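The values are calculated or read from the model by the stated rules, or taken from the named source; none is laboratory data. Being a predicted model, the structure only gives us computed values, none of them experimental. Reconstructed Cβ throughout: ideal geometry from the backbone, glycine too, with neighbour counts over all protein chains shown.
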Amino acid sequence: MSNYSGSQASNPFYDPSLNKRHFKAKAFKSFSIAAIIFSISFLIFFLGDMVYKGLPAFQQSYIQIEVTYTEKTIAFTRKAIDRKYRKVVSRAWLRDIPKRVKANPELLGTTQMTWVLLNHQVDQYLKGHYYKVKAKDLKLIQAMQEQGKIELHFNKIFFTHGDSKIPENSGFKSAVVGSILTLLVTMVVAFPLGVMTAVYLEEFAEDNRWTQLVEVNINNLAAIPSILFGLLGLAVFIALFGMPRSSPLVGGLTLALMTLPIIIVSARAALRSVPDSIRQAGYGLGLTKVQVVQDHVLPLAFPGIMTGSIIGLSQAMGETAPLIIIGMIAFIPDAPSSIFESATVMPAQLFTWAGMPERAYVERTAAGIMLLISVLISLNTLAIYLRKRFEVKW
Amino acid sequence: MSQKNSTKISVQNLNLHYGDNHALHGIDMDIHTNQITALIGPSGCGKSTFLRCLNRMNDLIKSVRIEGKVIIDNKNIYDKDVDEVAVRKRIGMVFQQPNPFPKSIYENVAYAPLKHGITQKGSTCDELVEKSLIQAGLWNEVKDKLSTPGTSLSGGQQQRLCIARTIAISPDVILMDEPTSALDPISTEKIEALMLELKQQYSIIIVTHNMQQAGRVADMTAFFHLGDLIEYAETETIFINPAKQKTEDYITGRYG
């Protein structure tokens, strides 16, 4: 500040208004920095909370006990283990005994020391969360723990199973597969439609009332509440065309409607940023409009189009409301194998789990959010990579 | 000499409107084969607009309305049965700002001939690219880096690349819209020398703000003012002994 002090006599550059102007600039800068710090701290809090709550879900408690495989225990699976363990192990694990024997016939007639999945209440107790376990069973667990017969293993079930009403048996797989199928449909429909629309509006259409109307409507479409797209999908795709309810096909088409305006708007912006001199050069050589657009304008606009489309798709991926309307909130234990089967998507699965009373679903919800966010971050990274990769040096 | 004076383009009573703005007023002009014709005049006088009428580039602007005839090889290019794409193939154009395609040097030259079916991929195409670059005086500078982007060249090289690209489709006429106004004097000199060489094979029409340039290269010079063709004569006549007062004022710098 001493630079600006002094008087006209000693310093010919002295300007009394400068102090105030510099102060304003500094204040503006510090406000901007404060805003950034504020939003980053929110982000860190949110992510930290999710990781803290979600990490336990990647481990699950197992107990090492004897399991007897006989004809009788296959029929009555509860009898495969000692009576005293029946209240602590998972019903789902017992239910799967016949399946296990079928896969491994030599098990029949033997008794094995096996790591058996514990139920979610015991699991929550072992992870130090709220639990509901009878005192008698608690004593048993503590005794087993002292013998080292209780361990936390990596939770494979979370990645290989679909939804389940038994928390320790529920996983994210069917939601992930559902999301992939749905997004595939969205991409296949929205990307070509959106890009072609943008190319037509930007390069071919005449600027008249009609195209202006289309333009205004596309811009408005981007601002419509997403749940209305769900109603549209319900009315058109399911009621009118009779497509299968809850299917990735309908979900993908509905999300495509929602993503279209985003793709169109961003693709138009990318096309507009291609310098006109390129078009002039092409026309000057006697090329047709299609040749100019296809070979010279589109390649230049491509990185921008890709970025916009991927951002549109990642937005579609996080969308829940329209999918609830068309029934993709369904209970899906088995992952769908085609776009015509009932399916759910990641955010819808999270929504379902978030509403469950069992404490064990809390960590699963958080873990699911972690997965969803990491997929979104990878998609956005891909968008940045594509932009850099295909950017033409000017 | 008789061939030199034969008329290549005959413009008859050409009127052009941008919406309500009457930009060219009944232009009549005969442009000769194997000559360089310079169009001079103050900014906004319509010389670039006139140039762009000759290969129907103005068709790209929606509000433009054109009346009159531009007769090239006994055919009015504004006739209903003439496709403007075919016109632009015969009448090449070089722009003010060098605008190579963001592709390799080779592709810049080869793209249009391949699309027009003038050449096929392979050795004939390589030959055509080489020939065009030699004609444009660029071959020695780029022969070792044909696969590098055209945009990596210097401004003057880019402009010569644009010329090579234009002559690769062997047009009859080359239109140049202030081709050196974005270049330094050395690059300008190279382009001018190139133009003098090219006029052996092509008819060249050049718009320029640089009157010395018109004096140096042009056989014929046309002076435009406010949408009128004031005077059109041999370059020497225009610069030494102009018939009209307005031309003299402009040439001597009293106007403009």
- request: Test residue B:154 against the criterion of being surrounded by fewer than 23 Cβ atoms within 10 Å (Cβ to Cβ), modelled with pLDDT under 90 and among the hydroxyl-bearing types (Ser, Thr, Tyr), and give yes or no.
  value: no
message: Which numbered condition in (1) surrounded by 13 or more Cβ atoms within 10 Å (Cβ to Cβ); (2) among the hydrophobic types (A, V, I, L, M, F, W, C); (3) over 19 Å from residue A:164 (Cα atoms) is the only one that residue A:92 fails?
response: (3)
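This table checks each residue for (1) of a type in the set (Asp, Glu); (2) under 17 Å from residue A:291 (Cα atoms).
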{"residue": "B:71", "(1), (2)": "no, no"}
{"residue": "B:83", "(1), (2)": "yes, yes"}
{"residue": "B:89", "(1), (2)": "no, yes"}
{"residue": "B:105", "(1), (2)": "no, no"}
{"residue": "B:114", "(1), (2)": "no, yes"}
- request: For segment B:176-187, indicate whether the set of residues that are in contact (Cβ under 8 Å) with a residue 40 or more places away in the chain, part of a strand (DSSP E or B), surrounded by 21 or more Cβ atoms within 10 Å (Cβ to Cβ) and not aliphatic (A, V, I, L, M) is non-empty.
  value: yes
- prompt: Can you tell me which residue in segment B:73-93 is nearest to residue A:282 (Cα to Cα), limited to those that are of a type in the set (A, V, I, L, M, F, W, C) and more than 8 Å from chain A (Cβ to nearest Cβ)?
  reply: B:91
query: If you check residue B:134 against the conditions, is it more than 9 Å from chain A (Cβ to nearest Cβ), among the β-branched types (Val, Ile, Thr), out of contact with any Ser or Thr (no Cβ under 9 Å at 6 or more places or on another chain) and on the phi < 0 side of the Ramachandran plot?
result: yes
field: Residue in segment B:139-166 that is nearest to the other protein chains (Cβ to nearest Cβ), counting only those that are aliphatic (A, V, I, L, M) and part of a loop (DSSP other than H, G, I, E, B)
entry: B:153
field: Filter pass, residue B:169 being part of a loop (DSSP other than H, G, I, E, B), crowded, with 21+ Cβ neighbours inside 10 Å and over 14 Å from the mean Cα position of the chain (by Cα)
entry: yes
- request: Could you please tell me which pairs satisfy a Cβ distance under 6 Å, a separation of 6+ or placement on different chains, a first residue in segment A:378-394 that is more than 14 Å from chain B (Cβ to nearest Cβ) and under 18 Å from residue A:267 (Cβ atoms), and a second residue that is assigned to a helix (DSSP H, G or I) and modelled with pLDDT of 85 or more?
  value: A:379/A:310; A:379/A:314; A:383/A:307; A:383/A:310; A:386/A:306; A:387/A:303; A:387/A:307
- request: Could you pull out the residue among B:109, B:129, B:70 that is within 12 Å of chain A (Cβ to nearest Cβ) and either buried (at least 18 other Cβ atoms within 10 Å of the Cβ) or in a helix (DSSP H, G or I) (or both)?
  value: B:109
field: For residue A:130: the one exception among (1) surrounded by fewer than 18 Cβ atoms within 10 Å (Cβ to Cβ); (2) out of contact with any Lys or Arg (no Cβ under 7 Å at 6 or more places or on another chain)
entry: (2)
Test for residue B:115: is it more than 25 Å from residue A:301 (Cβ to Cβ) and either within 14 Å of another protein chain (Cβ to nearest Cβ) or out of contact with any helix residue (DSSP H, G or I) (no Cβ under 8 Å at 6 or more places or on another chain) (or both): no
task: For segment A:209-224, indicate whether the set of residues that are modelled with pLDDT under 95, within 14 Å of chain B (Cβ to nearest Cβ) and touching a helix residue (DSSP H, G or I) at 6+ places or on another chain (Cβ under 8 Å) is non-empty.
output: yes
- request: Would you be able to tell me the number of residues in segment B:225-256 that are surrounded by 21 or more Cβ atoms within 10 Å (Cβ to Cβ), out of contact with any Ser or Thr (no Cβ under 9 Å at 6 or more places or on another chain) and not in a helix (DSSP H, G or I)?
  value: 1
field: segment A:151-163, residues that are surrounded by fewer than 15 Cβ atoms within 10 Å (Cβ to Cβ) and among the polar types (S, T, N, Q)
entry: A:160
message: Quick check on residue A:103: is it more than 25 Å from residue A:362 (Cβ to Cβ), free of Cβ contacts under 8 Å to residues at least 24 places away in the same chain and surrounded by 11 or more Cβ atoms within 10 Å (Cβ to Cβ)?
response: no
- line: Only one of B:174, B:204, B:191 is within 14 Å of chain A (Cβ to nearest Cβ), closer than 26 Å to residue B:9 by Cβ and of a type in the set (A, V, I, L, M, F, W, C), namely B:174
message: Of everything in segment B:19-67, what is within 13 Å of another protein chain (Cβ to nearest Cβ), closer than 21 Å to residue B:209 by Cβ and either in contact with an Asp or Glu (Cβ under 7 Å, 6 or more places away or on another chain) or exposed (fewer than 14 other Cβ atoms within 10 Å of the Cβ) (or both)? Give them in sequence order.
response: B:48, B:51
- line: Reported set for segment A:118-152 where residues are farther than 19 Å from residue A:360 by Cβ and touching a strand residue (DSSP E or B) at 6+ places or on another chain (Cβ under 8 Å) is A:144, A:149
- request: Mind listing just one residue for me: the one in segment A:257-289 that is under 24 Å from residue B:116 (Cα atoms) and among the small types (Gly, Ala, Ser) and, of those, farthest from the other protein chains (Cβ to nearest Cβ)?
  value: A:282
message: When you scan segment A:70-80, do you find a residue that is surrounded by 11 or more Cβ atoms within 10 Å (Cβ to Cβ) and among the aliphatic types (A, V, I, L, M), even just one?
response: yes
